[in-house]
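*Asks:* Structure provided below as structure tokens; questions to follow.
Computed from the coordinates by the stated procedures, all read-outs in this text should not be read as laboratory data. From a predicted model like this one, the values you see are computed outputs, not experimental measurements. Here the Cβ positions follow ideal geometry from the backbone for every residue, glycine too, while neighbour counts run over all protein chains shown.
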Amino acid sequence: MSWSGLVLSRGKTERDGEEARVEIRGNGIPKVVNLEVYGELVEGSIIRGCAKVAWCGGTPGKGVASWLRRKWNSSPVVIVGAEDEEYQLTIDDVDSSLVFMFTPVTEEGAKGEPQYKYTDFVKAAPPSVSNVKIVGDAVEGSTIKGVGDYFGGREGPSKFEWLRENRDSGGFLLVSAGTSEYTLTKEDVGCCLAFVYIPINFEGQEGKSISVMSPVVKQAPPKVMNVKIIGDLRENSKITATGIVTGGTEGSSRVQWYKTSLSTLDENSLEALSTSKIAKAFRIPLGAVGYYIVAKFTPMTPDGDSGEPAFVISDKAVETLPPSLNFLSIIGDYSEDEILTASYGYVGGHEGKSIYSWYIHEVEGDSGSSIPGVSGLQYHITKEAIGKFISFQCTPVRDDGVVGDLRICMGQERVRPGSPRLLSLHIVGNAVEGTILRIEKKYWGGEEGDSVYRWLRTSSDGTKKEIAGATVASYMPSIDDIGSFISVSCEPVRSDWARGPMVLSEQIGPIMPGSPTCHSLEFLGSMIEGQRLNFNAVYTGGEQGDCTHEWFRVKDNGLRDKLSSNDFLDLTLEDVGACIEIIYTPVRKDGIRGSPKSILSDLISPADPKGMELVIPDCCEDRELMPSRKYFGGHEGVGEYIWYQTKHKLEGSELLDISNAFDVVICGTEPTYKPLLKDVGAYLALYWVPTRADGKCGEPLISICSTPVSPAPPVVSNVCVKELSSGIYSGEGEYFGGHEGESLFSWYRENNEGTIELINRPNSKIYEVTDSDYNYRLLFGYTPIRSDSVAGELVLSDPTNTVLPELPYVEMLALTGKAVEGDVLTAVEVIPNSETQQHVWSKYKKDIRYQWFCSSEVGDNFSFDPLPNQSSCSYKVRLEDIGHHLKCECIVTDVFGRSGEAVCIETKPVLPGIPRIHKLEIEGRGFHTNLYAVHGIYSGGKEGKSRVQWLRSMVGSPDLISIPGETGRMYEANVDDVGYRLVAIYTPVREDGVEGQSISVSTEPIAVEPDVLKEVKQNLELGSVKFEVLCDKDQTSKKISSVGTYERRILEINRKRVKVVKPATKTSFPATEIRGSYAPPFHVELFRNDQHRLRIVVDSENEADLMVHSRHIRDVIVLVIRGLAQRFNSTSLNSLLKIEA
């Protein structure tokens, strides 16, 4: 921010640098003519105060400069050390206004009056940071901190970020945010870190970030802290050395164990128990009992660098243990016939005769039973242990007889059986065809499963061949085996599918032929109606001859009917519910007959229901269809029938899948169907599901008619006429007989004598009445015609009532105008938009009658009284109608003498007119001593308490300044109005309090009364003037003082300041009571209730309440002060009037 203009500092101009001396002769007291402050009012900037001094005959000196800081609504405070003309703004100056004070001093030491210059409020600089750096050693494990010098107002939540450099890509990875401190970790070793400082002020504004790099982070030498020995300090216990390793890794560090008899650490008394190892665990040997254990922990890096070793000693000496086992296990294969061996570790002195025992368990976890005869460390598994668990129990005993706790080791799995094998294999039975041979064997190896058998035939020439299908433990020799030898092989298989070696038995034979026998007889085929039965007989007993067989039907009453001796039997409907028997007699080739064998079947079941034929005859509308069909499959029951309608004839797969075909509709579910109108021209298909009497359904059968459904002859019934609306009639009738084509429709007119006349109108069901039809009756004629042009007979309807035109009516009544005093209301009829009504109104309307009504009572309960002579469509609202409702009634009459219903419209209660003011003006001469009056013409009911507000308006400014307390129609101007326009705002108010729109009127700028103006100009030209005034001695009182409390004073006014001086007396010198420049908050106050008083206010602590002899003198004083302040100090008039800008 800067201030323009010529600046003089110590007598030199900044514009050309020449000497400038103000030649004002005086008493040698210098005066400041002008004071300015230059520079940008932003934190950190340098501002400079420059003064133009009139030395008044003295030798120019340096002068005294000082800077003051003024917060909002507080007094200025001196800035310590700011005593030069230049001053650099700091954070303490933000949101404050600076005051530059300059006191001119001559070389002779004469001081002038100090002058002040106020600046605008100082703004904060944008947030920034400088001198950003990282404090701390860049060594692993150390904590470093980022610091910087913040600038730019009050610092807010500035942001901090730490980023690690990626050695491969060169990029940076964010590792920490929100804190200025960071502890270096192992991942940071060998990398550089970047610290980013993002300055943010208290208002949240973010500045430019600054970053700084750290040196490469170094690895810390390996070091170990907090070394401890963890574990139980007893014989054979495992202990571990731990510690916190920095600069290396715990896994690379080494530990060596010692023992010592001392409870304190002494490296000279240590006896090594182990070498230095990476392993941190150590098991205490028997020789360490009674000694202290010492661990030497040497920290190391993975590269082999070592640090300073650390020693730690145990808290107590190693204790001995009672006899116990530190481990117990069973070694061996848990399989039948294998040997299990128990092993254990003994601790607690020297072992004596420990006690052993073996147990067998059905399930894991039970108490088990002792295995007799076994007392050593080994056990030979027997077959009885298969599938069970084995456990070993040991009770440790020391050589001195002390017994320890029993330990049990349970086997990890159940005992498995041994590998399967056969110890013997033999064939038992007679070597005769038809007798059963069986296997006799001895198996070993757990529980036997499904062992594999193969029977072998050895022919007379020694050829051995496997018998197909013979894979079980028994075999019946067949005719193919006669003269051959039989043997069997067996592959043992355990129950868990384990296999052993195959064993071959000795041969048996040769096989001799047996007697003819039918070993088995069975039916082949389904015991269902319509099926063919065959039989299968297994013959043994030498070479087969001509065996015989017979078929019989066995009924439920036991009767048997011989059917045939054929090789097969076809089942019929007669067999349903009966049984079939076959008797087979085996005969050998040599004629020897065996015993007959018979079998009896189950009851013969009916066949599945099936439709053999389905035919649909020709179809005609309204003629019942009886399809031709044939059924098979037991006794027929009630089947399922679905009739389909389709627009085109379906064939092939499309017909079979008719339910999913396109545009197919179900039209019936009975065995018969009567085609309807919707079926005409379409094809009918029948879906038949043949159903047996027991409810079983067969495959559906589908058939479709060969030709489309033909229509019935066209006929029409129920012909009638309906009136749709006024003048519109519709003829109706019920058509039957196929799809209707272009049937003929005709209209007839019948007079009162019964004569019927054809109306020459287009072929239509709808008839619109014309003027020629009035006083006639109408008839409708319907001639049915089928879509194929076949015509039926004409049928006429009954005549209608006599036709008359529609009565004209008013759809609604509307009013134009408002129900307000003085307005004109006009009734407007709204005619229906229908063409019929438009025609009726234009041709048949005779006249329209109006009548106006007024409510008899004011309020909610009222009745309407007709207003005399008010029968036109318009009505002017009168004064006496205020508060009443108005109603207009309208009745339409046609040329036939008929009158429509009355249509009315009501108004709301009549209101008075809106308050208005017209021709508003202000009367007055235009000088500041005149009386002004506002005048206008009121309308809108009876005027109530209308309001007037007087205001001032600066020329060229839209702002209005209210004059407190001036709300009357008259206003007496005063010196405060000089230069302003007087504005009067008139708000008309009706007696009921309703306000109208406010209207304003203004005067020309108020001028100074000529006599006063002349005297004021003279004083302004002089630039310095004195007035004799009276001063109130008791200025603390807010009341008007009496004359006795005033004393004489001299009011001195010049171009720079105002001074109130108490004149000298015989006993005292003149004294200045009040002195001040025209700078704000300086102003002059007037008293409207006392034209002789004025108050000069320098600031909140210095003011003078003065009294003059006349209004004329008061006005001159005020105008002179304001004129000098505005002309020489650029003080605004609003400031002098104490009006907020």
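*Asks:* Tabulate in residue order the Karplus-calculated ³J(HN,Hα) for segment 646-663, using 6.51 cos²θ - 1.76 cosθ + 1.60 with θ = phi - 60°, rounded to whole Hz; enter x for Gly and Pro.
*Replies:* Listing the rounded values in order: 9, 6, 10, 7, 8, 9, x, 5, 5, 5, 5, 9, 5, 5, 9, 6, 6, 6 Hz.
*Asks:* Then there's this: For segment 223-313, what is the charge dipole size about the Cα centre, in debye to the nearest 20, if Lys and Arg each add +1 at the Cβ and Asp and Glu each add -1 at the Cβ? Intermediate results must be reported in sequence, preceding the final value.
*Replies:* Working: 10 positive and 9 negative charges, 60 e Å.
That gives a dipole near 280 debye.
*Asks:* Per the helix-only calculation at 222 nm, which mean residue ellipticity applies to the chain, given -39500 (n - 2.57) for every DSSP H run of n ≥ 4 and division by its residues, nearest 500 deg cm²/dmol?
*Replies:* Values: 5 runs with 50 residues, N = 1141.
The helix-only estimate for the chain comes to -1500 deg cm²/dmol at 222 nm.
*Asks:* Please arrange Glu1009, Glu991, Glu250 by counting, for each residue, the other beta carbons lying within 10 Å of its beta carbon, fewest first.
*Replies:* Working: Glu1009 20, Glu991 12, Glu250 15.
With the sparsest Cβ surroundings first, the list reads Glu991, Glu250, Glu1009.
*Asks:* Toward the positive end of the charge dipole of segment 114-191, about the Cα centre and with charges on Cβ (Lys, Arg +1; Asp, Glu -1), which of Cys191, Ser130, Trp162 goes farthest?
*Replies:* Ser130
*Asks:* Tabulate in residue order the Karplus-calculated ³J(HN,Hα) for segment 782-787, using 6.51 cos²θ - 1.76 cosθ + 1.60 with θ = phi - 60°, rounded to whole Hz; enter x for Gly and Pro.
*Replies:* 10, 10, x, 9, 6, 5
*Asks:* Treating cross-link reach as a plain straight distance, find the aspartates and glutamates whose alpha-carbon is under 17 Å from the alpha-carbon of Lys465, omitting any fewer than eight places away in the same chain.
*Replies:* Asp480, Asp481, Glu506
*Asks:* Only four residue types carry charge here, +1 at the Cβ of Lys and Arg and -1 at the Cβ of Asp and Glu. Report the dipole size of the chain about the Cα centre in Debye, rounded to the nearest 20.
*Replies:* Working: 120 positive and 157 negative charges, 1230 e Å.
The calculation lands at about 5900 debye.
*Asks:* Using each residue's phi in segment 347-353, evaluate 6.51 cos²θ - 1.76 cosθ + 1.60 at θ = phi - 60° and report the 3J(HN,Hα) Karplus result to the nearest Hz, with x for Gly and Pro.
*Replies:* 9, x, x, 8, 6, x, 9
*Asks:* Would you be so kind as to identify which of Val824, Cys890, Pro866 lies farthest towards the positive end of the dipole of segment 812-906, taking Lys and Arg as +1 and Asp and Glu as -1 on Cβ and the Cα centre as origin?
*Replies:* Cys890
*Asks:* Counting only Cα, what are the radius of gyration and maximum Cα-Cα distance Dmax of segment 97-163, in Å?
*Replies:* When restricted to the Cα atoms of segment 97-163, Rg and Dmax are 23.7, 72 Å.
*Asks:* What is the dipole size for segment 812-906, taken about its Cα centre, with +1 at each Lys and Arg Cβ and -1 at each Asp and Glu Cβ, in debye to the nearest 20? Before the final figure, lay out each step's value.
*Replies:* Working: 9 positive and 14 negative charges, 96 e Å.
About 460 debye.
*Asks:* Order of Ser962, Ser946 from fewest to most other C-beta atoms within 10 Å?
*Replies:* Details: Ser962 13, Ser946 18.
Listed from fewest to most nearby Cβ atoms, that is Ser962, Ser946.
*Asks:* Right, here's the next one. To test your reading of the geometry: what angle, between 0 and 90 degrees and rounded to tens, separates the Cα axis of helix 1111-1129 from the longest principal axis of the chain?
*Replies:* 60 degrees
*Asks:* While we're on this one: Under 17 Å Cα-Cα from Lys71, which lysines qualify once same-chain neighbours fewer than 8 residues away are excluded?
*Replies:* The qualifying lysines are Lys117, Lys123.
*Asks:* While we're looking at this one, here's another question. Which distance in nm do the two modelled labels at Phe1128 and Asp232 give, with both placed 7 Å along the Cα-to-Cβ direction?
*Replies:* Using points 7 Å along Cα→Cβ, the separation is 11.0 nm.
*Asks:* Then there is this: What number comes out for the charge environment of Ile1074, summing +1 per Lys or Arg and -1 per Asp or Glu over other residues with Cβ under 13 Å away?
*Replies:* Working: positive: Arg1049, Arg1057, Lys1059, Lys1062, Arg1075, Arg1095; negative: Asp1032, Glu1052, Glu1073, Asp1099, Glu1101, Glu1103, Asp1105.
Summing Lys/Arg as +1 and Asp/Glu as -1 gives -1.
*Asks:* Ok, one more. Past 22 Å, Cα to Cα, is the threshold; run Lys1014/Lys1062; Lys647/Lys674; Lys353/Lys383; Lys383/Lys442; Lys555/Lys597 against it and keep the listed order. Provide the component values of the computation, followed by the final result.
*Replies:* Values: Lys1014/Lys1062 29 Å; Lys647/Lys674 17 Å; Lys353/Lys383 31 Å; Lys383/Lys442 15 Å; Lys555/Lys597 20 Å.
Cα-Cα > 22 Å for Lys1014/Lys1062; Lys353/Lys383; rest within.
*Asks:* On to the next question. Report Rg/Rh for the chain, rounded to two decimals, where Rg is the Cα radius of gyration and Rh the Kirkwood radius.
*Replies:* That ratio equals 1.28.
*Asks:* On C-alpha positions alone, give me the angle between the axis of helix 1010-1022 and the longest principal axis of the chain, in degrees, nearest 10.
*Replies:* In the chain, helix 1010-1022 runs at an angle near 90 degrees to the longest axis.
*Asks:* Mind listing the Cα extents of segment 132-213 along all three principal axes, in Å, largest one first?
*Replies:* Computed over segment 132-213, the largest-to-smallest principal extents equal 39, 25, 16 Å.
*Asks:* Roughly what would the spin-label model give for Thr816 and Ser274, points 7 Å off Cα along C-beta, in nm?
*Replies:* About 11.9 nm separates the two model spin labels.
*Asks:* For the charge dipole of the chain, defined by +1 on Lys and Arg C-beta atoms and -1 on Asp and Glu C-beta atoms about the Cα centroid, which residue among Val1001, Asn326, Phe1027 has the Cα displaced farthest towards the positive pole?
*Replies:* Phe1027
*Asks:* Next question, about the same structure. Kindly put Met512, Met300 in sequence by how many other C-beta atoms sit within 10 Å of each C-beta, fewest to most.
*Replies:* Working: Met512 16, Met300 22.
Placing the least packed residue first, the sequence is Met512, Met300.
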